[in-house]
Amino acid sequence: MIDQKNGDARILLGLLESVERDGTQSQRSLSAEFGIALGLVNAYLKRCVKKGLVKVTDAPARRYTYYLTPQGFAEKSRLTVEYLSYSFSFFRHARADCAATFEDAKRRGWKKILLAGVSDLAEISTICALEGGIVIVGVVDAKVQQAAFVGLPIFLSFDDVAESFDGVMITDLTASASVLKKAIERFGPDRVLAPALLGLSFHAKHKVRV
């Protein structure tokens, strides 16, 4: 499974960049910008303050202003280098795994696939699908409020998908095991695939081992 640490680092980097750009943004606007819960934004900001990365001052109308400390600027630079390195490695690995997964899909006779999970992996999958002659009908993700992702419709559940498709490909990076389990329970293991980098495997009885 993808290391949760990478997701945490990405959110932290995004918050530090936003604070540097405009320290007067509300936590609600930051929540909308990053697509994460308001409580999670609050938790990350508190962690930043506790670590001495961010300072906070009172502002009118019960608002707060956030500032990066020297340690905050240094941490932002470190995370930027770390994330760029991770992104390049992830893209190369993900692209190879997605291409292999779509080859497996074509051997099964699949032509139309539904993705499960909005993520960087889903975006890379759309590139590989285009190259491999596979049609992506949309993405299922109950956590996302937007209507579309890289030009594809987003559905909150499998029940909302009206268009027919041959199988499901798991692209969720934060809860891939549970998403795989739900997909298998709904469609059966023969209609679900997952790129190797997710580290998921299939049991009999439709359970998931990570």
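The values are calculated or read from the model by the stated rules, or taken from the named source; none is laboratory data. Because the structure is predicted, anything quoted here is derived from the model rather than measured. FYI the Cβ positions are ideal-geometry reconstructions off the backbone, even for glycines, and counts take in every protein chain you see.
Go through segment 94-117 and give me each residue that's in a helix (DSSP H, G or I) and not small (G, A, S).
To start, the set of residues in segment 94-117 that are in a helix (DSSP H, G or I) comprises 94-107.
Scanning segment 94-117 gives R95, D97, C98, T101, F102, E103, D104, K106, R107.
Scan R107, R92 and give me the residue that is free of Cβ contacts under 8 Å to residues at least 12 places away in the same chain and either of a type in the set (G, A, S) or over 21 Å from L173 (Cα atoms) (or both).
Working: R92 fails: either of a type in the set (G, A, S) or over 21 Å from L173 (Cα atoms) (or both).
Exactly one of R107, R92 is free of Cβ contacts under 8 Å to residues at least 12 places away in the same chain and either of a type in the set (G, A, S) or over 21 Å from L173 (Cα atoms) (or both), namely R107.
Could you figure out which of (1) of a type in the set (A, V, I, L, M); (2) free of Cβ contacts under 8 Å to residues at least 40 places away in the same chain; (3) closer than 25 Å to F88 by Cα isn't true of I154?
(3)
Can you find, within segment 77-107, the residue that is farthest from L130 (Cα to Cα) among those that are of a type outside the set (A, V, I, L, M, F, W, C) and in contact with a strand residue (DSSP E or B) (Cβ under 7 Å, 6 or more places away or on another chain)? Break it down stepwise before answering.
First, pick out the residues of segment 77-107 that are of a type outside the set (A, V, I, L, M, F, W, C): 77-78, 80, 82-83, 85-87, 89, 92-93, 95, 97, 101, 103-104, 106-107.
Remaining after also requiring in contact with a strand residue (DSSP E or B) (Cβ under 7 Å, 6 or more places away or on another chain): 101, 104.
Values: T101: 13, D104: 15 Å.
Filtering segment 77-107 for residues that are of a type outside the set (A, V, I, L, M, F, W, C) and in contact with a strand residue (DSSP E or B) (Cβ under 7 Å, 6 or more places away or on another chain), the one farthest from L130 (Cα to Cα) comes out as D104.
Please go through (1) out of contact with any helix residue (DSSP H, G or I) (no Cβ under 9 Å at 6 or more places or on another chain); (2) modelled with pLDDT of 85 or more for V54 and return the number of the only condition it doesn't satisfy.
Single failed check for V54: (1).
Restrict the check to segment 125-145 and report whether at least one residue is of a type in the set (G, A, S) and within 13 Å of the chain's Cα centre (by Cα). Lay out the reasoning, then the answer.
Residues of segment 125-145 of a type in the set (G, A, S): 125, 129, 132-133, 138, 142.
Now narrow it down to the ones that are within 13 Å of the chain's Cα centre (by Cα): 125, 142.
There is at least one residue in segment 125-145 that is of a type in the set (G, A, S) and within 13 Å of the chain's Cα centre (by Cα).
Anything in segment 154-205 that is in a helix (DSSP H, G or I), of a type in the set (G, A, S) and either under 21 Å from E103 (Cβ atoms) or not assigned by TED's automatic domain parsing to the domain that holds L121 (or both)? List them, or say none. So that I can check it myself, show each step before the final result.
Here is the first cut: in segment 154-205, the ones in a helix (DSSP H, G or I) are 158-160, 176-187, 189-191, 196-198, 204-205.
Right, trim to of a type in the set (G, A, S) and you get 176-178, 183, 196, 204.
Matches in segment 154-205: S176, A183, A196.
Does I124 qualify as being in contact with a helix residue (DSSP H, G or I) (Cβ under 8 Å, 6 or more places away or on another chain), assigned to a strand (DSSP E or B) and either at pLDDT 95 or above or surrounded by 13 or more Cβ atoms within 10 Å (Cβ to Cβ) (or both)? Outline the logic, then answer.
Details: in contact with a helix residue (DSSP H, G or I) (Cβ under 8 Å, 6 or more places away or on another chain): yes; assigned to a strand (DSSP E or B): no; either at pLDDT 95 or above or surrounded by 13 or more Cβ atoms within 10 Å (Cβ to Cβ) (or both): yes.
No.
Condition test on G39, is it surrounded by fewer than 12 Cβ atoms within 10 Å (Cβ to Cβ), within 19 Å of T174 (Cα to Cα) and modelled with pLDDT of 85 or more? Step through it out loud before you land on a result.
Details: surrounded by fewer than 12 Cβ atoms within 10 Å (Cβ to Cβ): yes; within 19 Å of T174 (Cα to Cα): yes; modelled with pLDDT of 85 or more: yes.
So G39 fits the description; yes.
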